[in-house]
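Nothing in this text is a laboratory measurement; each read-out follows from the coordinates by a stated rule. None of the values given here were measured: they were computed from a predicted structure. When we count neighbours, we look across all protein chains shown, and the Cβ atoms used for this are built from the backbone with ideal geometry, even at glycine.
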Amino acid sequence: MKIADNTRFCIILLISGWFILFGVTPLLLLVITSFLTMDPANLVKFSFTLKAYSQLFIEPGYIIIFTRSVKLALTTTLLCLGLGYPFAWYTARMTPKWRTSALILLMIPFWTNSLVRTYAMRMVLGTHGILNKILLSAGLIHTPLKIMYTDYAVLAGLFYLMLPFMVLPLYATVEKLNFQLVEAARDLGAGAFSTFTKIIFPLTLPGIMAGCIMVFVPTMGLYYVASLLGGARQLLVGNLIQQQFLNAGNWPLGSATSIILIIFMAVMLIGYGLLLRRFSRGRE
Amino acid sequence: MKPLFKALIILAVVLLAAIQTQAAEKIYVYNWTEYLPESVLAQFTKETGIQVVYATYDSNETMYAKLKLIKKDGYDVVVPSTYFVSKMGREGMLMKLDQALLPNMKHLDPELLNKDYDPDNNYSIPYMWGSTGIAVNTDEIPKAQITSWKDLWKPEFKGKLLLQDDLREVFHMALRIKGFSGNTTDPKEIEQAYLLLKDLMPNVLLFNSDSPRLPFLAGEVSIGMIWNGEAWMAQEENPAIQYVYPEEGASFWVDSFVIPKGARNPKGAHAFINFMMTPEVAKACVEEYGYPTPVKPAIALLDSNISGSRTIFPAAKVIQQGEFQNDVGQAIEIYQKYWEKLRTGD
Amino acid sequence: MNMLRLFYFAGIFFYLYLPISVLIVNAFNLNKYGMKWDGFTFKWFTAMLENHSLMEAARHSMVIAVCAATLATMIGALAAIGLNRYRFFGRKLIQGTSMTLMMAPDIILAIAFLVLFVTLGIGLGFWSLLFSHITFCLPFAIITITGRLQDFDPNILDAARDLGASEKNILTRVILPMMRPALISSWLLAFTLSLDDVIISSFVTGPSYDVLPLKIFSMVKVGVKPEVNALAALLVLLSLALVIVSQLMLKEKKIA
């Protein structure tokens, strides 16, 4: 660790500088702002107050928004997990040639702009959209399904965007799975169900949890999907923060909401880390 | 070292391409969505050589917040509604207009000048005005059934209603039903309106101020609150969609051109505003969007089916029945408080 | 079992590709609303190219994406190396900040950056946008490159030092070339993330620098503009090209 080493010094200086200026400082400023008072003319007044936080906890409306966002994120996560796990499983079992193709086919939509995809969703789910057209002409329904601007539309859109985030970490873990263990279990007479619950699930748990985190966290913030597909009827945490900053001009409240959100995420991530450590210690 | 060098060169070239500003003169216009035809902008550039960089917003509040963040090198022309003109004028956010640079003011209807929100038109020039009423898809709902704001509360419309994402207009509805003014500052009256609106919420399918006619055209909603121009545009595509002036009174508004204090090119901005007041230009705007114009000579240039349309140009009686939006000063905070409650609850 | 698997994949891919197929087909559809097929046409593509503000926004987005990807990869590479090779005060803090930046929902980053720029008095425009984009791409770059670094055989580095190489030389002659696949992956990832960003851009850019996602957002909200379909079709093609390019570049040169 020669301190005189110039290259090393420059590198450390650069990365520290960047992270402190653009990483730590903004978050710190956010924390500070959450304790200030709102000033309609000048954005914020420098008087310390807990008003923003108390507002969040006292007014029932905000808690409702928060629970709604969590519910949506959770539902999306479970949907992605349920429908995405088979993808990871089947793909891991394929021959390498098919594997790459399957993954590429999964990724191409991902590399397409998410707004464009959400817009496409609108065309599919509308009353005169493709989905209704197909169902009507197949005779499966008689009047068009009203999906647009409901929670189902939002869910469909979020699932569409988030699926790859679940599949990729899952796949990474499933691929490393020792399939001989599965076959051994089957040889020993275990049914498909117990094979899954006793062998496959526990061994792929890290991937499952990684996938869940990778879906849950962004979904808490993806409010524009909800406003494009859900009709701005049901406000989510992201909408709330955006409104506080852009419409209502209440920066302290917006900052406070964000801080609470960060704390919530941090708690979840720490929980994930702890569970992971506990789990890997339990394994032989 | 070589690949690093190459990367840096590419980066430098790209950065140069980015920073290089075009030689042409520009103005930055910030306006409501669906409110200015591209052809008009192109015409302006042709006549003056000034390029227009155009951005849009869907609510006064968003526009106001954006303007507060950009102190200099900001937008040159913005189009707020009446009560925001007075608010922004009070807060010193607007530049005083140089009426010497606006000779086309002579074309404007004197009825729309010198109003309370901007006496002497120090800050604003009216661009378009209009009303907010009810749109009905008569294929689904007979027009005769819809005559009043109260009809929106009917239980058979549960989950079928479209509302504008605008707190003043939504409250206007409820206030007029209760017999109060849409511009009231009395907290008790506003609270009563709020309680009435709470009952309406289950009927609402969505809030939309970007382009309220689209859900109608797509068949997602068949009744709702809408601006008259949007209704007229919808009617052009689907004649079944009709506009109703509610008996309690529609809300009338005026959107005006203003020049924010941080404008880069005030001269260009004045040229633009003056251009927008030429009769041919105003005519094009009416034809495209269906909103009435304050430029009197333009009306004579219109086709009779447009100048005669009651959706675009309401009868004097209807205007009297209705009410023009005005500033409510500090009371806006009361409205905001209840609006938030409405939007976050449920 | 095979039928189930087939059925499942068919279902998933149908769901994934139906919306973008509809978009692409409608980009060529004469009918504005895409409700029925009226005939083949290129006119929406020409309309799109003639839409100056759209093309300007696209140009801006490309510039930002290229710059952000390049700078994020460069800084990210240095950061990955620095965090992995050196022990210094504040290392844990930087790693933690990087994690936070990666995990935090976009909206929080967006307002945090906004507050920063307003406090520092930096005008909202190109530079605020660039710095924000570099910053949120950085953690992804670091993770991608770190993954590659950890696979690296440390003996090679010891050998280089024993042979008298300076720190700078070790970096440029040994580590960087070896990291090439990771650098490419990281660049492509950052490029995609930057081009895709809606929320952060909407908060930190100014009137002088409109970007594509924001333009698309306002066009999409106002509804059916067929130029959006044409643009969307092009973007899908672009992503296809990116995927192919990345696959080709990553296939070559696997270290023995």
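As a proxy for reagent exposure, B:Phe313, A:Phe46 were ordered by neighbouring Cβ count within 10 angstrom, fewest first; the result is A:Phe46, B:Phe313.
The B:Thr48 and A:Gln55 beta-carbon pair, evaluated with R₀ = 60 Å, returns a calculated FRET efficiency of approximately 0.75.
A cut-off of 5 Å between modelled amide H atoms, ignoring neighbours fewer than 5 places along the same chain, links B:Gly224 with B:Ala135, B:Leu162. Rounded to two decimals, the Cα radius of gyration of the stretch C:63-212 over 2.2 N^0.38 Å is 1.16.
Stokes-Einstein at 4 °C, 1.567 mPa s, Kirkwood radius from Cα pairs: D for chain B in µm² s⁻¹? Result for D is 60 µm²/s. Computed on the Cα trace of chain C, the radius of gyration divided by the Kirkwood hydrodynamic radius gives Rg/Rh = 1.05. Take the Cβ atoms of A:Phe264 and A:Leu13, set R0 to 25 Å, and the FRET efficiency comes out at 0.15. Remark: the stretch A:64-71, residue by residue, has Karplus-estimated 3J(HN,Hα) of 4, 4, 5, 4, 4, 5, 4, 4 Hz, where x stands for each Gly or Pro and the curve is 6.51 cos²θ - 1.76 cosθ + 1.60 at θ = phi - 60°. In this structure the amide hydrogen of B:Phe257, modeled in the peptide plane, comes within under 5 Å of the amide hydrogens of B:Ile125, B:Tyr127, none closer than 5 places in sequence on its chain.
Give the calculated FRET efficiency between A:Ser101 and A:Leu275 to the nearest 0.05, with a Förster radius of 30 Å applied to their Cβ-Cβ distance. With R0 = 30 Å, the Cβ-Cβ based efficiency is 0.30. Measuring between their Cα centroids, the stretch B:37-99 and the stretch A:46-84 lie 35 Å from each other. Which angle from 0 to 90°, rounded to the nearest 10, does the C-alpha axis of helix C:226-251 make with the longest principal axis of chain C? Roughly 30 degrees, rounded to the nearest 10.
Sorted fewest first by neighbouring Cβ atoms within 10 angstrom, B:Ser304, B:Ser211, A:Ser101 come out as B:Ser304, A:Ser101, B:Ser211.
Most fluctuating residue of A:Leu135, A:Leu145, A:Leu21 in a GNM of chain A with Cα springs under 10 Å: which is it? Looking only at A:Leu135, A:Leu145, A:Leu21, the biggest GNM fluctuation is shown by A:Leu21. Cross-link partners of B:Lys150 among aspartates and glutamates, defined as those whose alpha carbon lies under 13 angstrom from its own and excluding same-chain residues fewer than eight positions apart: B:Asp199, B:Glu247, B:Glu248.
How big is the charge dipole of chain A about its Cα centre, in debye rounded to the nearest 20, if each Lys and Arg gets +1 on its Cβ and each Asp and Glu gets -1 on its Cβ? Approximately 300 debye in magnitude.
Assuming charge only on the beta carbon of Lys and Arg (+1) and of Asp and Glu (-1), the dipole of the stretch C:63-212 about its Cα centre is about 460 debye to the nearest 20.
Across the options B:Tyr289, C:Ala72, A:Gly273, the greatest Cα extent toward the positive end of the charge dipole of the protein assembly as shown (unit charges at beta carbon of Lys, Arg, Asp, Glu) belongs to A:Gly273. Within the straight-line cut-off of under 30 Å between alpha carbons, the lysines reachable from B:Lys154 are A:Lys146, B:Lys143, B:Lys178, B:Lys188, B:Lys198, B:Lys317, B:Lys337, B:Lys341, C:Lys221, sequence neighbours fewer than 8 places apart in one chain being disregarded. Here the Karplus curve 6.51 cos²θ - 1.76 cosθ + 1.60, taken at θ = phi - 60°, turns the phi angles of the stretch B:222-231 into couplings of 10, 8, x, 8, 7, 7, 4, x, 4, 5 Hz, with x standing for Gly and Pro.
Peptide packing: for A:265-276, B:174-185, the average count of neighbouring Cβ atoms within 10 Å per residue gives the ranking B:174-185, A:265-276, highest mean first. Straight Cα distances below 17 angstrom link B:Lys115 to the aspartates and glutamates B:Asp255, B:Glu323, B:Asp327, with same-chain residues fewer than 8 positions distant left out. Have a look at C:Phe140, C:Phe28, C:Leu212 and report the one farthest towards the positive end of the charge dipole of chain C, computed about the Cα centre with Cβ charges (Lys/Arg +1, Asp/Glu -1). Going by the charge dipole, the pick is C:Phe140.
Per-residue mean of foreign Cβ neighbours for A:25-36 is 5 (Cβ atoms of other chains, 10 Å radius). Suppose we look only past 29 Å in the calculated P(r) of the stretch A:53-282. What percent of the Cα-Cα pairs does that tail hold? Pairs farther apart than 29 Å: 41 percent.
Using Cβ contacts closer than 10 Å as the measure, can you line up C:Cys137, A:Cys212 from fewest to most?
Ranked by crowding around the Cβ, least crowded first: A:Cys212, C:Cys137.
Extents of the stretch C:104-186, largest first, come to 51, 24, 17 Å (Cα atoms, principal axes, whole angstrom). Counting every pair of alpha carbons in the stretch C:130-225, the share spaced more than 22 Å apart comes to 50 percent. Other protein chain C-beta atoms within 10 Å of residue C-beta, averaged over C:201-208: 5.
Here the protein assembly as shown is treated with +1 on each Lys and Arg Cβ and -1 on each Asp and Glu Cβ, and its dipole about the Cα centre works out to around 3280 debye. Sorted on the mean count of surrounding Cβ atoms within 10 Å across their residues, most packed first, peptides B:219-230, A:240-251, A:172-183, B:265-276 read B:219-230, A:240-251, B:265-276, A:172-183.
Across peptide B:217-223, the mean count of Cβ atoms from other chains lying within 10 Å of each residue's own Cβ comes to 5. Comparing A:Ser16, A:Ser137, A:Ser227 in a Gaussian network model of chain A (Cα springs below 10 Å), the most mobile by mean-square fluctuation is A:Ser16. Close amide H contacts of A:Thr37 (hydrogens built in the peptide plane, cut-off under 5 Å, sequence separation of 5 or more or a different chain): A:Lys45, A:Ser47.
When the alpha carbon gyration tensor of the protein assembly as shown is reduced to an equivalent ellipsoid, the three semi-axes, largest first, read 49, 33, 27 Å. Each residue of the stretch B:273-289 was assigned a 3J(HN,Hα) from its phi angle through the Karplus curve 6.51 cos²θ - 1.76 cosθ + 1.60 (θ = phi - 60°); the sequence is 4, 4, 4, 5, 8, 5, x, 4, 5, 4, 4, 4, 5, 4, 4, 7, 10 Hz, with glycine and proline shown as x. Each peptide in B:39-50, C:168-179 receives the mean, over its residues, of other Cβ atoms within 10 Å, and ordering these scores from highest gives C:168-179, B:39-50.
Summarise the long-distance tail of P(r) for the stretch A:1-118 by giving the % of C-alpha pairs beyond 18 Å. For the stretch A:1-118, the fraction of Cα-Cα distances above 18 Å is 78 percent. Taking Cα atoms only, the orientation of helix B:167-177 departs from the longest principal axis of chain B by about 20 degrees.
A run of chain C free of exposed loop cleavage sites, with chymotrypsin sites (Phe, Trp or Tyr not before Pro) counted only in DSSP states other than H, G, I, E and B and at most 10 other beta carbons within 10 Å, reaches its longest extent at C:90-256.
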